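A.B. asks: Pasting in a structure now, in structure tokens, and then I'll have a few things to ask.
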Amino acid sequence: MMIFDAPPRILIVEDDGALRTLLCRSLRERGFEPTGVRSGAQMREALAGSAFDLIILDIMLPGTSGLDLTRWVRSRSEVPIIIVSARGNNTDRVVGLELGADDYVPKPVDVDELVARIRAVLRRVASKGSGVGEPLGQVVRFDGWSADRRRREVHAPDGSQVILSGGEFDLLCVLLDAPGRVVGREYLLEQSRDRVAAGDASDRSVDVLISRLRRKLGAYEGGRSLIKTVRGAGYAFTAQVSR
């Protein structure tokens, strides 16, 4: 059972008033502190005034789509995001993951499933933040980059911070723990299972996260690809790692 100093604060961005009310009531009954807003403008206002532990974000919103809002949030913070949408195809799911969402729940929403996913994401954040299995404050360096496991921050060779989603950071840590060795796709999926939609192995969830990592780590001027694909086996981190 997770223990928090205060009820986890959940921001619900949903323009359907009845669903928003239902989710707020259900989460409150289960020990969370929900705040409901109906638009991207209200979401930005809420984030400017308060800190939240997780965002539940509908894709179909008036004015601005949830995917655009995911991009906006992720450029500023790594607060976990669970996307909710009535759309049935996998395109939104993959795009949402590419933009930095941590999970995806389809409509109609099963409240028990949603709560389970919220708890799974918060559990992963809490365990990583407490440094389970790693010394607190440990900084890993590779190819001029640095990754601080305690702060969950990554800095480019020029010192600038590169924002990674929770899933991206988790997979990076797995790769950093096995430099030069092939890490199987199934193992990567298992290590990041709380950050991708359950059962999405066929939907390329791990491949999406790896693609995002490659893009962000290679965006630095003069950067090179640090993650090698080993066909039929998995991925290998090619840079030398020091602690």
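The values are calculated or read from the model by the stated rules, or taken from the named source; none is laboratory data. None of the values given here were measured: they were computed from a predicted structure. For neighbour counting, all protein chains shown are included, and Cβ atoms are generated from backbone atoms with ideal geometry for every residue, glycine included.
A.B. asks: Could you check the range 41-59 and list, in sequence order, the residues that are touching a Pro at 6+ places or on another chain (Cβ under 9 Å) and under 21 Å from residue 106 (Cβ atoms)?
C.D. replies: Scanning the range 41-59 gives 54, 55, 56.
Here's the yes/no breakdown for (1) within 19 Å of residue 122 (Cβ to Cβ); (2) part of a loop (DSSP other than H, G, I, E, B); (3) not aliphatic (A, V, I, L, M):
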position	(1), (2), (3)
7	yes, yes, yes
26	yes, no, yes
31	yes, yes, yes
42	no, no, yes
48	no, no, no
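A.B. asks: Answer yes or no: is there a residue in the range 65-88 that is assigned by TED's automatic domain parsing to the domain that holds residue 115, more than 30 Å from residue 214 (Cβ to Cβ), not in a helix (DSSP H, G or I) and not small (Gly, Ala, Ser).
C.D. replies: No, every residue in the range 65-88 fails to be assigned by TED's automatic domain parsing to the domain that holds residue 115, more than 30 Å from residue 214 (Cβ to Cβ), not in a helix (DSSP H, G or I) and not small (Gly, Ala, Ser).
A.B. asks: Would a scan of the range 104-112 turn up a residue that is outside any loop (DSSP other than H, G, I, E, B) and within 13 Å of the chain's Cα centre (by Cα)?
C.D. replies: Within the range 104-112, one or more residues are outside any loop (DSSP other than H, G, I, E, B) and within 13 Å of the chain's Cα centre (by Cα).
A.B. asks: Which count do you get for residues in the range 158-193 that are at pLDDT 85 or above, in contact with a Lys or Arg (Cβ under 7 Å, 6 or more places away or on another chain) and in a loop (DSSP other than H, G, I, E, B)?
C.D. replies: The qualifying residues number 2.
A.B. asks: Could I ask something else about it? Of the residues 57, 11, which is in contact with a Phe, Trp or Tyr (Cβ under 6 Å, 6 or more places away or on another chain), among the hydrophobic types (A, V, I, L, M, F, W, C) and modelled with pLDDT of 90 or more?
C.D. replies: The unique qualifying residue is 11.
A.B. asks: Right, next: In the range 70-118, which residue that is of a type in the set (Asp, Glu) and buried (at least 16 other Cβ atoms within 10 Å of the Cβ) is farthest from residue 154 (Cα to Cα)?
C.D. replies: At the first step, the residues of the range 70-118 found to be of a type in the set (Asp, Glu) are 78, 92, 98, 102-103, 110, 112-113.
Subset that is buried (at least 16 other Cβ atoms within 10 Å of the Cβ): 78, 92, 98, 102-103.
Numbers: 78: 12, 92: 27, 98: 18, 102: 18, 103: 22 Å.
That would be 92.
A.B. asks: Tell me which residues, restricted to the range 110-141, are within 30 Å of residue 21 (Cα to Cα), modelled with pLDDT under 90 and hydrophobic (A, V, I, L, M, F, W, C).
C.D. replies: Across the range 110-141, the qualifying residues are 120, 121, 122, 125, 126.
A.B. asks: Let me ask you something else. Farther than 27 Å from residue 153 by Cα and either more than 19 Å from the chain's Cα centre (by Cα) or in the same structural domain as residue 165 (by TED's automatic domain parsing) (or both): is that true of residue 41 in this structure?
C.D. replies: yes
A.B. asks: Listed residues 91, 70, 64; which is of a type in the set (Ser, Thr, Tyr), under 20 Å from the mean Cα position of the chain (by Cα) and farther than 27 Å from residue 126 by Cβ?
C.D. replies: 91
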